[in-house]
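Next up is a structure, given as structure tokens.
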Amino acid sequence: MLDRSRLQHLDGVVFDLVMRSFSLLFLFAVFYHAWIGVRDIVMDYVKSARTRLVIYVLVIMALLLYSIWAVQILWECDGSGEHAHLTL
């Protein structure tokens with residue numbers, strides 16, 4: 001079981017600006033990687049330009065929403081262990 005001082009140290013590390021920034025950078029890299037993968041698969045297997053466009057728009061919208069949600073999660077913590085309830 002973790003004692004109080006170890007939890008406070010963990011809160012200090014997790015809520016530090018550098019940790020938040022690198023976490024966000026990592027998530028943006030994962031989202032970009034997901035976009036490249038979906039784009040390549042759709043380009044190879046979906047022949048209709050209209051269908052490709054619809055899929056692209058849906059994927060881009062989803063990835064943008066995920067990015068906004070990640071920013072909210074990482075920057076709406078107040079450091080006390082309480083998170084704001086987020087809904088999209």
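Read-outs: derived from the displayed coordinates by stated rules, not from any lab. Keep in mind the model is a prediction, meaning the values are calculated, not measured. Here the Cβ is made from the backbone with ideal geometry for all residues, glycine too, and neighbour counts use every protein chain on show.
Please work out how much length the chain gains when fully extended from residue 55 to residue 28, using 0.36 nm per residue of separation minus the C-alpha to C-alpha distance, in nm with one decimal.
Working: separation 27, 0.36 × 27 = 9.72 nm, distance 2.00 nm.
The span from residue 55 to residue 28 would gain 7.7 nm if fully extended.
To continue, here is another question. Please report, in debye to the nearest 20, how large the charge dipole of the stretch 16-75 is about its Cα centre when each Lys and Arg carries +1 at its beta carbon and each Asp and Glu carries -1 there.
260 debye
If you consider only alpha-carbon coordinates, what radius of gyration and Dmax does the stretch 16-75 have, in Å?
Gyration radius and largest Cα-Cα distance of the stretch 16-75: 14.2, 47 Å.
Counting other beta carbons within 10 Å of each residue's own, what order do 75, 35 fall into, fewest first?
On the way: 75 12, 35 15.
With the sparsest Cβ surroundings first, the list reads 75, 35.
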